[in-house]
1. Would segment 37-51 turn up any residue that is touching a residue at least 12 places away in the same chain (Cβ under 8 Å), in contact with a Lys or Arg (Cβ under 9 Å, 6 or more places away or on another chain) and among the polar types (S, T, N, Q)?
2. Hey, could you check segment 13-52 for residues that are of a type in the set (Asp, Glu) and surrounded by fewer than 14 Cβ atoms within 10 Å (Cβ to Cβ) and say which is nearest to the ligand (Cβ to nearest atom)?
3. Being within 16 Å of the ligand (Cβ to nearest atom) and acidic (Asp, Glu) is the filter here; which residues of segment 53-71 pass it?
4. Given the criterion within 16 Å of the chain's Cα centre (by Cα) and without any contact (Cβ under 8 Å) to a residue 24 or more places away in the chain, identify the matching residue among Lys56, Lys73.
5. Looking at segment 16-73, which of its residues are more than 13 Å from Val4 (Cβ to Cβ) and among the hydroxyl-bearing types (Ser, Thr, Tyr)?
6. Check off (1) in contact with a strand residue (DSSP E or B) (Cβ under 8 Å, 6 or more places away or on another chain); (2) of a type outside the set (Asp, Glu); (3) modelled with pLDDT under 95 for Ile70 and give me the number that stays unchecked.
Amino acid sequence: MKIVDINTLKGSDRHGSCIECEKDFAEDKGMKRIVFGTDQKRTIFLCDKCYHDLLKEMTKKRLKEMGVEICRK
Ligand SMILES: [Zn+2]
């Protein structure tokens, strides 16, 4: 998985809209392009907020797999 900050790209690559909330790059300069594997077709775009939500979910899932329990007071 490769994560690219769209803001660092040039020209016609500076586009995309979030697959979660449909926000456009013009509205969110923190937009990320995420490429799964080496197949360029499996590319998704996520705005900054949805990207961080995804990271949180992945971290939670990973911790669960490792048998880590997150305790909150
Ligand atoms: Zn979003």
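The values are calculated or read from the model by the stated rules, or taken from the named source; none is laboratory data. This structure is a prediction, so every number in the text was calculated from the model and none was measured. Positions of Cβ are backbone-derived with ideal geometry, glycine not excepted, and every protein chain shown enters the neighbour counts.
1. No: segment 37-51 contains no residue that is touching a residue at least 12 places away in the same chain (Cβ under 8 Å), in contact with a Lys or Arg (Cβ under 9 Å, 6 or more places away or on another chain) and among the polar types (S, T, N, Q).
2. Here the answer is Glu22.
3. Across segment 53-71, the qualifying residues are Asp53, Glu57.
4. Lys56
5. Ser17, Thr38, Thr59
6. So Ile70 meets the others, but not (1).
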